[in-house]
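A short write-up of the structure that comes next.
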Amino acid sequence: MKAVIDQSGGMHFIGISASTAEKFIKKGIKRCICTLNGKSSLHVALQSRKEEGYFIYISKRVMKELNLKKGMTVQMELKEDESTFQFEEAEEWNEVLATDPIAKDIFNQLTPGNQRSILYLITRVKSSEKRIERSFHIAEQLKRGIHSAAQLMKK
């Protein structure tokens, strides 16, 4: 389907028709994989507001990667996100958890939202070396009882 990129309050988003969104919502699905212009697949959450209806946010990083601007029309495909955490997983994080059963157990007990926040903190780093460092740091913080993504990156 074709969709137009819009912007509100500094955030870019794509409006989703009610009929399309309700196909997912009726099945209890709020998180999807969104493919834009056949290039970039994103883990997204279906959002809704009275004023805007249904929509998904598009990050600045994705806007830049795909050279997108407000008002542009994109080809969009939505499908159910069936991944374990409904978010991109870093190989480095999975390796750290494989070697640290205590951190893995704590991570698995967190809410899905906290799990996704941790995965975001790790995957947003570009270099593998930094993802490894961040993964070890977060695992140690979890074992100290710090579970909030806002607090995890503090030294």
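Worth a mention:
- Among the residues of the range 2-13, none qualifies, meaning not one is outside the structural domain of Ser127 (by TED's automatic domain parsing), under 30 Å from Ser127 (Cβ atoms), within 13 Å of the chain's Cα centre (by Cα) and surrounded by fewer than 16 Cβ atoms within 10 Å (Cβ to Cβ).
- When the criteria are applied in full, Phe85 fails the requirement of being at pLDDT 90 or above, of a type in the set (Phe, Trp, Tyr) and at negative phi.
- Hey, Lys60 basic (Lys, Arg) and touching a helix residue (DSSP H, G or I) at 6+ places or on another chain (Cβ under 9 Å) or not: no
- Any hit, the range 107-118, residues being outside the structural domain of Glu140 (by TED's automatic domain parsing), crowded, with 16+ Cβ neighbours inside 10 Å and assigned to a helix (DSSP H, G or I): no
- Of the listed requirements (1) part of a loop (DSSP other than H, G, I, E, B); (2) within 22 Å of Glu88 (Cα to Cα), Lys27 misses just one: (2).
- Meets criteria (assigned to a loop (DSSP other than H, G, I, E, B) and not aliphatic (A, V, I, L, M)) for Lys126: yes
- Residue in the range 2-16 that is outside any strand (DSSP E or B) and under 18 Å from Glu80 (Cβ atoms) present: no
The values are calculated or read from the model by the stated rules, or taken from the named source; none is laboratory data. Source: prediction; values computed, not measured. Because the Cβ atoms are built from the backbone with ideal geometry, glycine has one as well, and the counts that use them run over all protein chains shown.
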